[in-house]
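Enquirer: Just dropping this structure here.
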Amino acid sequence: MHFKIIQKILGLLLIAFSLTLTPPMLVSLIYKDQALGALLVAFFVMFGLGMMFWFPMRHVKQELYLRDGFIITAVFWSVLGVVGALPFLLVESIDITIAKAVFESVSGFTTTGATVLSGLDSMPESILYYRQQLQWLGGLGIIVLAVAILPMLGIGGMQLYRAEAPGPMRDEKLTPRLAHTAKALLFIYSSLTIACALAYWVAGMTAFDAICHSYTTVATGGFSTHDASLGFYDNVWIEVIAIFFMMMGSLNFSIHFIAWRKRDLMTYWHDFQGMVFIAIVLGLIAISIIVLMWTGKYPDFFTALRYASFQVVSIISSTGYLTDEFHQWPLFLPILILGSGFIGGCVGSTTGGIRVVRIILLYKQAAREIMRLIHPNAIITVKIGQRKVSDSVAQAVWGFSFLYMASFILLSLMFMATGADMVTAFAGVASTLNMTGPSLGTVALTFESVESSAGLWILSFAMLLGRLEVFTLLVLLTPAFWRH
């Protein structure tokens, strides 16, 4: 491990993050919302910490190894969760504990969308903007964005990219150099955000709300500037726009890039993972509509279609917007919809969950084992589309899935030990680990009712674990990682 270069990079990244407080400070000046002082203090604290890390190591030049990338990624996200909480703690109009402030900050960076805040409609505009911006920055990963905008690091970034996006396709790059890849992703991400903001504005949102909600829609984050979320508008067109861009955020961004570069929309049709994701979404919507109409929850098909479509896409994409309280829907629908968060979107997207490509691989692996029982001597290969999947990748998916579910059970039991009831414990951990936001039980709408600091720290860890896809954090807990 090269701790000096790690310290230098962490310092640079903290300095870069402190500069992202500039837009919220400008918003504070425009709206004169009295939060400017708190944002300035937070800026100087973050910038000062970054300088303390970077300045002593400014002349250090070392090669960065994969192991260093894991440390930087895990430590930086943890540090961001703490320093990102400063504006919430320093603003006088927000009465919040340290555990709740860190929870809100981590929820923002990990694009979870779970919140412990209420009274959003009367909150300072600069703080509302800051919350939304947190999710936008977290959407593609702070590390990937930093590689795109901080070429002065002067080192190879593939180690960071691998640590930030572990998974079956983690070694693929859209362009030969990682910096170009990150810039390409940032271009697509920014373009979708701008298009989403314009669409929201045309549909009836104010310019401020349109910008803020575009940040969290494309990032599949789910924070809103209103306590009632997107239900505040009761506008079908706004909901249709949200569904479209939540779906776009749920697809592999490399597919967006290829479609843009080739100017060919058929690229999406040829993406096997994306087509499976869309099929799952349509299936869940169909089941929800049937149950909602059969039980008389909604009077007609189009009303059922409206609410079922929005809530299914919102939860499976790990966005977490609400237009209705789905936890009060009849029969098994609340569990079905919350459980869809375990599937999540596509690998290479801004969503959470296990991800569709892993679900496909798990299904095909299971089918192969059944066929082997019938034909013991048969040689059966696992494919995604026309592409053969190596046994090493398949084994990694099995390992990831086991660790994911084991983490879910263990964290649920730990949360229950803090005093949470069974439904709240399992549903709360499911929504934070999957980064979906809304849940069931006492945390159905917000996590404001969680008074236990230990419980909030557990849920914050669950969000980090889900955002970094389990391995990046858990690998640091293994003794073999620290051996030379």
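The values are calculated or read from the model by the stated rules, or taken from the named source; none is laboratory data. Please read all numbers here as calculations on a predicted model, not as lab measurements. Here Cβ is always computed from backbone atoms with ideal geometry, including for glycine, and neighbour counts include all displayed protein chains.
Enquirer: Does at least one position in segment 315-325 carry a residue that is under 15 Å from the mean Cα position of the chain (by Cα), surrounded by 22 or more Cβ atoms within 10 Å (Cβ to Cβ), touching a residue at least 12 places away in the same chain (Cβ under 8 Å) and assigned to a helix (DSSP H, G or I)?
Expert: Checked against the condition, which is being under 15 Å from the mean Cα position of the chain (by Cα), surrounded by 22 or more Cβ atoms within 10 Å (Cβ to Cβ), touching a residue at least 12 places away in the same chain (Cβ under 8 Å) and assigned to a helix (DSSP H, G or I), segment 315-325 yields at least one hit.
Enquirer: Show me the helices (runs of 4 or more DSSP H) entirely contained within segment 246-294 in which 1 or more residues are of a type in the set (Ser, Thr, Tyr) and within 24 Å of Ala184 (Cβ to Cβ). Steps first, answer last, please.
Expert: Numbers: elements: 253-262, 266-269, 272-294.
In segment 246-294, the matching helices (runs of 4 or more DSSP H) lie at 253-262, 266-269.
Enquirer: Please enumerate the residues belonging to segment 452-484 that are outside any helix (DSSP H, G or I) and surrounded by fewer than 20 Cβ atoms within 10 Å (Cβ to Cβ).
Expert: Ser452, Thr478, Arg483, His484
Enquirer: Still on this model: Examine segment 156-169 for a residue that is at pLDDT 80 or above, among the small types (Gly, Ala, Ser) and closer than 18 Å to Phe70 by Cα, and state whether such a residue exists.
Expert: Step one: of segment 156-169, the residues at pLDDT 80 or above are none.
Among the residues of segment 156-169, not one is at pLDDT 80 or above, among the small types (Gly, Ala, Ser) and closer than 18 Å to Phe70 by Cα, which makes the answer no.
Enquirer: Moving on to the next point. Testing Val357 on (1) crowded, with 19+ Cβ neighbours inside 10 Å; (2) over 28 Å from Leu185 (Cβ atoms), one condition comes back false. Which one is that?
Expert: Among (1) crowded, with 19+ Cβ neighbours inside 10 Å; (2) over 28 Å from Leu185 (Cβ atoms), the lone unmet condition for Val357 is (2).
Enquirer: A further question follows. Could you go through segment 441-451 and let me know if any residue there is without any contact (Cβ under 8 Å) to a residue 60 or more places away in the chain and either loosely packed, with under 14 Cβ neighbours inside 10 Å or out of contact with any Asp or Glu (no Cβ under 9 Å at 6 or more places or on another chain) (or both).
Expert: yes
Enquirer: Only residues that are touching a helix residue (DSSP H, G or I) at 6+ places or on another chain (Cβ under 6 Å), under 29 Å from Leu433 (Cβ atoms), outside any strand (DSSP E or B) and not polar (S, T, N, Q): list them for segment 370-418, please.
Expert: Val382, Gly385, Ala394, Val397, Phe408, Leu411, Met414, Phe415, Met416
Enquirer: While we're here: Report yes if Ser118 is part of a loop (DSSP other than H, G, I, E, B), of a type in the set (S, T, N, Q) and over 23 Å from Ile30 (Cβ atoms), otherwise no.
Expert: It is true that Ser118 is part of a loop (DSSP other than H, G, I, E, B), of a type in the set (S, T, N, Q) and over 23 Å from Ile30 (Cβ atoms).
Enquirer: Can you tell me which residue is nearest to Leu12 (Cα to Cα) among those in segment 84-97 that are crowded, with 18+ Cβ neighbours inside 10 Å and β-branched (Val, Ile, Thr)?
Expert: Val91
Enquirer: Restricting attention to segment 58-74, does a residue exist that is assigned to a helix (DSSP H, G or I), free of Cβ contacts under 8 Å to residues at least 40 places away in the same chain and surrounded by 15 or more Cβ atoms within 10 Å (Cβ to Cβ)?
Expert: No: segment 58-74 contains no residue that is assigned to a helix (DSSP H, G or I), free of Cβ contacts under 8 Å to residues at least 40 places away in the same chain and surrounded by 15 or more Cβ atoms within 10 Å (Cβ to Cβ).
Enquirer: Are any residues in segment 419-440 of a type outside the set (Asp, Glu) and part of a loop (DSSP other than H, G, I, E, B), and if so, which ones? Spell out the reasoning first.
Expert: First, the residues of segment 419-440 that are of a type outside the set (Asp, Glu): 419-420, 422-440.
Correct list: Gly419, Ala420, Asn434, Met435, Thr436, Gly437, Pro438, Ser439, Leu440.
Enquirer: Can you report the number of residues in segment 187-237 which are in a loop (DSSP other than H, G, I, E, B), over 26 Å from Asn434 (Cα atoms) and of a type in the set (Ser, Thr, Tyr)?
Expert: Here the count works out to 2.
Enquirer: Can we say Gly81 is crowded, with 18+ Cβ neighbours inside 10 Å, within 17 Å of Leu134 (Cα to Cα), in contact (Cβ under 8 Å) with a residue 40 or more places away in the chain and under 23 Å from the mean Cα position of the chain (by Cα)? First the steps, then the outcome.
Expert: Numbers: crowded, with 18+ Cβ neighbours inside 10 Å: yes; within 17 Å of Leu134 (Cα to Cα): yes; in contact (Cβ under 8 Å) with a residue 40 or more places away in the chain: yes; under 23 Å from the mean Cα position of the chain (by Cα): yes.
Yes; evaluated as a whole, the condition is true for this residue.
Enquirer: Separate question: Could you check segment 28-37 and list, in sequence order, the residues that are assigned to a helix (DSSP H, G or I), over 13 Å from Val91 (Cβ atoms) and of a type outside the set (Ser, Thr, Tyr)?
Expert: First pass over segment 28-37, keeping only residues assigned to a helix (DSSP H, G or I): 28-31, 36-37.
Among the residues that remain, those that are also over 13 Å from Val91 (Cβ atoms) are: 29-31.
Of everything in segment 28-37, those that are assigned to a helix (DSSP H, G or I), over 13 Å from Val91 (Cβ atoms) and of a type outside the set (Ser, Thr, Tyr) turn out to be Leu29, Ile30.
Enquirer: Looking only at residues that are touching a Leu at 6+ places or on another chain (Cβ under 8 Å) and either among the small types (Gly, Ala, Ser) or without any contact (Cβ under 8 Å) to a residue 40 or more places away in the chain (or both) in segment 336-347, which one is surrounded by the most Cβ atoms within 10 Å (Cβ to Cβ)?
Expert: Looking at the filtered set, the residue picked out is Gly345.
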